[in-house]
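To start, the structure itself, in structure tokens.
Bear in mind these aren't lab numbers, they're just calculated from the coordinates by the rules spelled out. Only a predicted model underlies this, so the values are computations on that prediction, with no experimental measurement involved. Virtual Cβ from ideal backbone geometry, glycine too; neighbours counted across all protein chains shown.
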Amino acid sequence: MNNGEERRLNGEVEEDDEDDEETNGGLAAWERAYADERSWESLQEDESGLLRPIDNQSLHHAQYRRRLRAASTSRIQKGLIRYLYIVIDFSKAASEMDFRPSRMGVVAKHVEAFIREFFYQNPLSQVGLVSIKDGVAHILTDLGGSPESHVKAVMGKLECSGDASLQNALDLVHGYLNQIPTYGHREVLILYSALSTCDPGDIMETIQKCKKSKIRCSVIGLSAEIFICKHLCQETGGLYYIALDEPHLKDLILEHAPPPPAIAEFAIANLIKMGFPQRAAESSVAICSCHKEAKVGDGYTCPRCKARVCELPTECRICGLTLISSPHLARSYHHLFPIVPFDEVSLSLFIDQQNKLPKACFGCQQSLLGPGNKPSLCVACPKCQQLFCLDCDIYIHESLHNCPGCESTRHSKIPTANEGG
């Protein structure tokens, strides 16, 4: 290889290096590594002034227990049949890259997770999606109980342009939610990226209309606090928070998944007619009332008008009957009678009674002793006094909704009672 070829190859390598630097903002490799990982944020100072890694598991459990105590401070009525519109800001402010890869991408990812969690915790509820861009509000999906259709609609509309109009969004959702029956809880969750709102009229009148229609509006901001958003939440009884980073945004969004407390003056007891449809035979052919097309096999038959629907829960398009299945009703039960929070076991008590207390978690049977046989954090059920690790504590309260210790004690007493009889 001659000198000319060597220079030409070196020139190509140098050009590639320059392109890499341009695509990465002109940062060197070691700078990009620190900028991506932000490793200094994973350190904290202990009592002696030394730096040590943050115990993310303990922090997550502490935040979870604070939410659990706040939710169980009093027995309150909750809205189990919810009609929620998620309003997503797709204005040019959503293309900002302070969240990676952008505000829009991060919001879309966490909205997908929220929709699935929402339907898991609220099987009798319905969700609709609204987007804001170019000063106009658009309906992405109507109120419905299918998480897949909502997720598909969000992921297919990831484009940002123009300004945001909070008033147009509120007017749009007010027109739909105002038709909801009185037993349904009307809610709006706004994910707002902009620092202003471009409205065609007086937004204060729109806020009063939402308040009069008993629509609970909550806002999660991705930039700075805005007075009009705070005023909207205060007037309608919603929550207003500003996301500090992506994990904080995820926590704020998921806090809206459990049913909110019902406002006393609006919590009116109602008897609701519901139908439990039968699943259609695999070989049957019928026209689906949802999509107005013929389908084979899949679907359910309304017990009142015999119309075919694709999925549950939903409302019959022909007769208006609410259609659900018995598992949906059973999954809503745990919100009415939640399991009590477990008590934290102090390390001093654990050390004093180490020979008496069990050394393994009652749920997963993993050891409660850490490295060097030192006791780790654990909790105890106030009823059966069984010990559980932190992971089992979260699993029991968020997914299982039954204490294994109490259930095993209750079932062990049944044969004894029968023998005595």
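Per-peptide packing, taken as the mean over residues of other Cβ atoms within 10 Å, places 389-401, 102-114 in the sequence 102-114, 389-401 from highest down. One Cα centroid belongs to segment 86-123, the other to segment 201-227; the line between them spans 19 Å. Applied to segment 187-198, the Karplus parametrisation 6.51 cos²θ - 1.76 cosθ + 1.60 on θ = phi - 60° returns per-residue 3J(HN,Hα) values of 9, 9, 10, 10, 9, 10, 9, 6, 9, 8, 9, 9 Hz, with x for Gly and Pro. Please label the shape of segment 355-395 as rounded, prolate or oblate, based on the square roots a ≥ b ≥ c of the eigenvalues of the alpha-carbon gyration tensor (a/c under 1.5 means rounded; beyond that, a/b larger than b/c means prolate, else oblate). Oblate, because a/c is 1.5 or more while a/b does not exceed b/c.
Using the structure shown, select from Lys152/Lys292; Lys109/Lys211; Lys209/Lys230 the pairs with a Cα to Cα distance greater than 25 angstrom. Walk me through the intermediate numbers first.
On the way: Lys152/Lys292 20 Å; Lys109/Lys211 30 Å; Lys209/Lys230 16 Å.
Pairs exceeding the cut-off: Lys109/Lys211.
Taking 0.36 nm per residue of separation and subtracting the current Cα-Cα distance, fully stretching the chain between Tyr333 and Ala281 would add 15.7 nm.
Can you tell me how segment 151-233 classifies by the Cα gyration tensor, rounded, prolate or oblate, using a/c under 1.5 as the rounded cut? Numbers along the way, then the final one.
On the way: a/c = 1.74, a/b = 1.21, b/c = 1.43.
Taking the square roots of the gyration eigenvalues as a ≥ b ≥ c, segment 151-233 is oblate.
Can you give the extra length, in nm with one decimal, that the chain gains between Met97 and His291 once fully stretched, where that is 0.36 nm per residue apart less the Cα-Cα distance?
On the way: separation 194, 0.36 × 194 = 69.84 nm, distance 3.89 nm.
That works out to 66.0 nm of additional length.
Most tightly packed first, judged by the mean number of other beta-carbon atoms within 10 Å of their residues, the peptides 185-194, 279-288 read 185-194, 279-288. For a straight C-alpha distance cut-off of 23 angstrom, the lysines reachable from Lys359 (same-chain residues fewer than eight places away being disregarded) are Lys374, Lys383.
With q set to 0.12, 0.14, 0.23, 0.24 Å⁻¹, the log10 of I(q)/I(0) for segment 211-316, from the Debye formula over equal scatterers at the Cα positions, is -0.71, -0.79, -1.13, -1.21.
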